[in-house]
1. Tell me, please, whether a residue that is modelled with pLDDT under 95 and outside any helix (DSSP H, G or I) can be found in region 88-103.
2. Mind listing whichever residues of region 62-87 are touching a helix residue (DSSP H, G or I) at 6+ places or on another chain (Cβ under 9 Å), within 18 Å of residue 142 (Cβ to Cβ) and assigned to a strand (DSSP E or B)?
3. Kindly provide the set of residues from region 117-161 that are over 13 Å from the mean Cα position of the chain (by Cα), in contact (Cβ under 8 Å) with a residue 60 or more places away in the chain and part of a loop (DSSP other than H, G, I, E, B), ordered by number.
4. Only one of these is assigned to a loop (DSSP other than H, G, I, E, B) and either surrounded by fewer than 21 Cβ atoms within 10 Å (Cβ to Cβ) or at pLDDT below 95 (or both): 13, 50, 8. Name it.
5. What residue, among those in region 162-196 that are touching a helix residue (DSSP H, G or I) at 6+ places or on another chain (Cβ under 7 Å) and part of a strand (DSSP E or B), is surrounded by the most Cβ atoms within 10 Å (Cβ to Cβ)?
6. Give region 63-89 a look and list any residue that's without any contact (Cβ under 8 Å) to a residue 24 or more places away in the chain, within 17 Å of residue 134 (Cα to Cα) and in contact with a strand residue (DSSP E or B) (Cβ under 9 Å, 6 or more places away or on another chain), or say none.
7. Residue 155 versus (1) surrounded by fewer than 23 Cβ atoms within 10 Å (Cβ to Cβ); (2) farther than 22 Å from residue 62 by Cα: which is the lone unmet condition?
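The values are calculated or read from the model by the stated rules, or taken from the named source; none is laboratory data. This structure is a prediction, so every number in the text was calculated from the model and none was measured. Backbone-built Cβ (ideal geometry, glycine too); neighbour counts: all protein chains shown.
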């Protein structure tokens, strides 16, 4: 009975989060050979150290590539939304992500990371086009970013980093009912720390 209750509770939590669980194969899609992070995970806060993502190279959906320094550039805060073409909650929030990304000031950016983008390139592009998403979409990475993405257990997950790749706060896990408010709350942590005007 205890085992049944634990399984039921886990399923309820998963549905409440509006997230998809990644399988081991899906976790490493587009990042073969990359190592996982140590015990810290992307959704811990407080006394736990959140892993930085300072050193990586990333391949983009448009065929270009960027380094961490190039990606973060002069932005005070970068939100990286990790999603997949097969994940219904990810697709459900794509319109909200598109709208959010278009309303950001120059010192804040939204970057998408499609975990199956290397194997579903056309589908990924079609989804972004239909939602009206503009901007950067990563489809594979090396280094710190690959390790972090491999360690993510549920998608969508959104992480928030400053211009050096330091995580600013806990991640958002699962689709958000009020995406703009949830994102702004975390973006403002970074803006405040940088001494900049909040959203």
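1. yes
2. Scanning region 62-87 gives 78, 80, 82.
3. 117, 118, 119, 142
4. Checking each option against the conditions leaves just 50.
5. In this case the residue turns out to be 172.
6. The initial filter retains those residues of region 63-89 that are without any contact (Cβ under 8 Å) to a residue 24 or more places away in the chain, namely 63-65, 67, 69-70.
Among the residues that remain, those that are also within 17 Å of residue 134 (Cα to Cα) are: 63-65.
Residue satisfying the conditions is 65 alone.
7. With respect to (1) surrounded by fewer than 23 Cβ atoms within 10 Å (Cβ to Cβ); (2) farther than 22 Å from residue 62 by Cα, residue 155 is out only on (1).
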